[in-house]
Amino acid sequence: MKALVYGGPGLKALEDRPKPEILDAGDAIVKIVKTTICGTDLHILKGDVVTCAPGRILGHEGVGIIDSVGAGVTLFKKGNRVLISCISSCGKCDYCRRGMYSHCTTGGWILGNQIDGTQAEFVRTPHADTSLYPIPPGADEYALVMLSDILPTGFECGVLNGKVAPGSTVAIVGAGPIGLAALLTAQLYSPSQIIMIDQDDNRLAVASRFGATHALNNTSGDAAQKVKALTSGLGVDTAIEAVGVPATFQICQDIIAPGGVIANIGVHGKKVELHLETLWSQNIAITTRLVDTVSTPMLLKSVQSKKIDPAKLITHHFKLDQILDAYETFANAADTKALKVIIEAG
Ligand SMILES: NC(=O)c1ccc[n+]([C@@H]2O[C@H](COP(=O)([O-])OP(=O)(O)OC[C@H]3O[C@@H](n4cnc5c(N)ncnc54)[C@H](O)[C@@H]3O)[C@@H](O)[C@H]2O)c1
Ligand SMILES: [Zn+2]
Ligand SMILES: [Zn+2]
């Protein structure tokens, strides 16, 4: 089968690989129908993710059709259409019992990281019963690809951890797919203001179309003053960091109002400065989270009932044998205006 293989920092290739086989009773082999590329795949290609070894098939998002299941799988059978979660969870370990699937002792974020992923014709998914979701009849499978990772990530790490509430003020730093997913799901809670901050005017225009009340270009470095001006000098109740660099975490510290929450989503490769000398008296909280995907069933219903339409994040379509072009397009978003690229594998 064809698969996109990580070859070490800066290296990737479309290779021929053997079709995966069932290794454990809980496994399923899924024929990939659609997959996509995540900002985190670009982090892997930069060498930022040390757990991902050269030779790994990348990808942790997608929808597909069950090809075969292990003897222990009870919920799925050959021919079922499924959504693949980026997080594998056994459902039984202490972390899974607490709903913290991201830290499952035999799962977590392993797909396209510690085991082969979804940017291929087939993938082996461990703990299939608790890590795959049946696709409801008639569902928009393009929209569902956004549910493997980015929608639960924006919602859980940004909106839920950030305690977005009716009438509250929110700033989202970073208008990439993750920041935009936080923007779409924050609106479920009717905050009074959602201020989007980025350096890319195209992405800011998209954010305005998706419901941001204000869109600020931070290239001139004055986003914090502008946020203060928009919030009667107070700052925001929730500051969501959706980039993963020191400068954007700094903006969050500069704009958080007393009693607020800084909700970090970004994958950070570099040390950031924490200004406790100014924040200690401000009654704030700082949260971090690797997405758990516990909200996937709720988000599936919200998408089905059209309360959220994540398909509008899709900008480009490719076939699996054009996946190197898909990576080029996704990695050069400022020029290509790419948000999410869909790769059709079957
Ligand atoms: N915590 C988790 O579980 C989890 C899951 C998935 C992704 N992530 C991380 O979330 C982050 C965002 O993902 P994405 O796919 O949207 O990434 P992306 O690279 O597509 O988007 C990042 C955005 O930040 C903007 N930006 C960069 N520097 C900036 C600055 N100084 N000021 C303002 N804006 C700036 C860019 O223009 C871009 O629009 C990444 O770090 C990704 O690895 C975390
Ligand atoms: Zn991802
Ligand atoms: Zn577990």
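No lab work stands behind these numbers, since they all come straight from the coordinates. This one's a predicted model, so the numbers in the text were calculated from it and none came from an experiment. Note that each Cβ is placed from the backbone with ideal geometry, even for glycine, and that neighbours are counted across all protein chains shown.
Some observations on this one:
- Modelled spin-label separation between K307 and S220, with each label point placed 7 Å from Cα along the Cα-to-Cβ direction: 3.9 nm.
- Cα gyration tensor shape for the chain, rounded if a/c is under 1.5, else prolate or oblate: prolate
- Across segment 212-346, C-alpha contacts under 8 Å between residues 6 or more apart give a mean separation that, scaled by the residue count, equals a relative contact order of 15 percent.
- The alpha carbon centroids of segment 240-274 and segment 173-231 are separated by 15 Å.
- Here each label is just a point 7 Å from Cα along the line to Cβ, and for N202 and K271 those points are 3.7 nm apart.
- DSSP beta bridge pairing in the chain, given as percent antiparallel to the nearest 5: 50
- Inter-site label distance for L75 and K19 at 7 Å from Cα along Cβ, in nm: 2.5
- When both segment 275-346 and segment 63-140 are represented by their alpha-carbon centers, they are found 19 Å apart.
- Per-peptide average of other Cβ atoms within 10 Å, ordering 8-15, 286-293 highest first: 286-293, 8-15
- log10 of Debye I(q)/I(0), alpha-carbon scatterers only, for segment 263-323 at 0.17, 0.22 Å⁻¹: -0.92, -1.02
- GNM flexibility winner over the chain from G39, G64, G269 (Cα, springs under 10 Å): G269
- Dipole-positive endmost among G179, S220, G162 within segment 158-227 (Cβ charges, Cα centre): G162
- Comparing P191, P126, P310 in a Gaussian network model of the chain (Cα springs below 10 Å), the most mobile by mean-square fluctuation is P191.
- Only lysine pairs 8 or more places apart or on separate chains count here, and in segment 30-125 those with Cα atoms under 26 Å apart total 7.
- Over segment 293-346, relative contact order from alpha-carbon pairs under 8 Å, at least 6 apart, %: 36
- Charged-residue dipole, Cβ positions (Lys, Arg, Asp, Glu), the chain about Cα centre, Debye nearest 20: 620
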